[in-house]
Amino acid sequence: MGDWIISLEGTEAGTTLATILALMAAFLHAVFGALQKGRHDPWISRAAIDAWLFVLSAPIALFLVPWPEPHLWPILGGALLIHFSYKVLQAQAYSKGAYTVVYPVVRGTGPLFTVFGAYLLFGEVFTPTQWMGVAVLLSGIFGLAAYNMAFLVTDRATLGPALMLAVATGLFVALYTTYDAYGIRAASDPFTFLAWFFFITAFDIPLLVATRMRHRLQGVDLRALARRGLIGAIVAYFSFGSIMLATRLDKVGEAAILRETSTVFAAVIGWVFLRETVGPRRLALMVLIALGAVIVEMGG
């Protein structure tokens with residue numbers, strides 16, 4: 001499988017597959033965000049997801065794929081630190097604001113930073129049409145933030161901190177997207193990197209909750225939490241795995257921005273499953289974010 005992925009690098013088929021993977025990651029990441037924000041406290045939801053990721057990844061990493069090459073160990077260590085910071089910021093943002101408020105800002109801010117990171121690290125350059133797409137995407141983001149500031153009723157008192165945390169989380173989305181792309185490109189076998197990535201980066205939040213936040217588990221239906229965690233872990237495998245493979249096959253900036261069509265999926269999920277009010281103007285702004293992503297992809 002790894003040899004097949006490597007054989008597609010730099011080909012038209014590889015570009016097509018990268019687009020499909022980025023779109024799949026967009027949908028699945030919206031589902032993943034809803035699972036963390038949904039029924040349970042965001043901290044324990046993330047802990048349950050990561051605990052399953054650790055358990056499921058352990059036999060794959062330890063027995064089914066080779067051990068990482070020596071130069072990958074410090075890269076995996078860096079990934080652990082970056083993803084831990086991202087997860088802490090994301091949980092704090094979800095604790096402060098509604099899913100349909102926080103998620104679009106996180107997912108919309110991330111690609112802007114990713115574009116600059118991809119330029120600095122990989123020398124990727126956008127065309128004028130693609131920069132127009134970035135402008136459309138940003139107009140949707142800031143329009144959505146302004147709308148939320150003006151009309152939001154629930155979580156009003158914590159909206160400001162929620163938006164600031166969402167922007168900070170978006171910065172770390174860009175950081176991990178660019179860094180993970182660097183890591184998976186440095187590995188001779190992308191699936192070896194993925195197996196060890198999920199194994200190494202999955203123990204931090206469960207350990208934090210078990211040692212510092214055990215009070216959050218009081219009164220929680222542990223069976224329901226475990227089921228949600230297992231579903232979230234499976235979604236995470238395909239969501240994060242898809243976008244990392246896409247960044248190996250194609251440009252990092254384009255894959256990252258195309259993934260932000262997840263804002264449309266997030267709007268539907270928030271409305272249908274989380275019973276959050278979206279409204280036509282808010283939905284239109286989310287679609288504007290997605291439209292900007294599409295312009296970037298088509299203008300490449």
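Numerical summary
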{"quantity": "Checklist (1) closer than 29 Å to L120 by Cα; (2) at pLDDT 90 or above applied to G170, failing item", "calculated": "(2)"}
{"quantity": "Among the residues listed as P59, P42, P68, the single one being surrounded by 17 or more Cβ atoms within 10 Å (Cβ to Cβ) and over 22 Å from the mean Cα position of the chain (by Cα)", "calculated": "P68"}
{"quantity": "Pair list, Cβ < 9 Å and 6+ apart or interchain, from the stretch 56-71 residues that are free of Cβ contacts under 8 Å to residues at least 40 places away in the same chain to residues that are open to solvent by 80 Å² or more (accessible area, probe 1.4 Å) and in a helix (DSSP H, G or I)", "calculated": "none"}
{"quantity": "Flag for A91 being at pLDDT 80 or above, aliphatic (A, V, I, L, M) and in contact with a Pro (Cβ under 6 Å, 6 or more places away or on another chain)", "calculated": "yes"}
{"quantity": "Elements of type helices (runs of 4 or more DSSP H) in the stretch 207-282, at least 1 residues being among the basic types (K, R)", "calculated": "222-249"}
{"quantity": "Hits in the stretch 181-208 (condition: under 19 Å from D50 (Cα atoms) and either among the small types (G, A, S) or modelled with pLDDT under 90 (or both))", "calculated": "A195, A202"}
{"quantity": "Residue check for Q218: of a type outside the set (S, T, Y) and either modelled with pLDDT of 90 or more or over 25 Å from Y94 (Cβ atoms) (or both)", "calculated": "no"}
{"quantity": "Lone qualifier among F113, F193, F197, F172 - being open to solvent by less than 20 Å² (accessible area, probe 1.4 Å) and under 17 Å from the mean Cα position of the chain (by Cα)", "calculated": "F197"}
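To keep it simple, each residue is scored yes or no on (1) modelled with pLDDT under 80; (2) more than 16 Å from E254 (Cβ to Cβ).
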| position | (1), (2) |
| --- | --- |
| P74 | no, yes |
| H83 | no, yes |
| V101 | yes, yes |
| G110 | yes, no |
| I141 | yes, yes |
| Y179 | no, yes |
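The values are calculated or read from the model by the stated rules, or taken from the named source; none is laboratory data. These numbers were taken from a predicted model, which means no experiment stands behind them. Cβ coordinates were reconstructed from backbone atoms using ideal geometry, including for glycine residues, and neighbour counts include every protein chain displayed. Quick note on the areas: whole protein, heavy atoms, side chains included, nothing else; ligands and nucleic acids left out. Shrake-Rupley method; radii C 1.70, N 1.55, O 1.52, S 1.80 Å.
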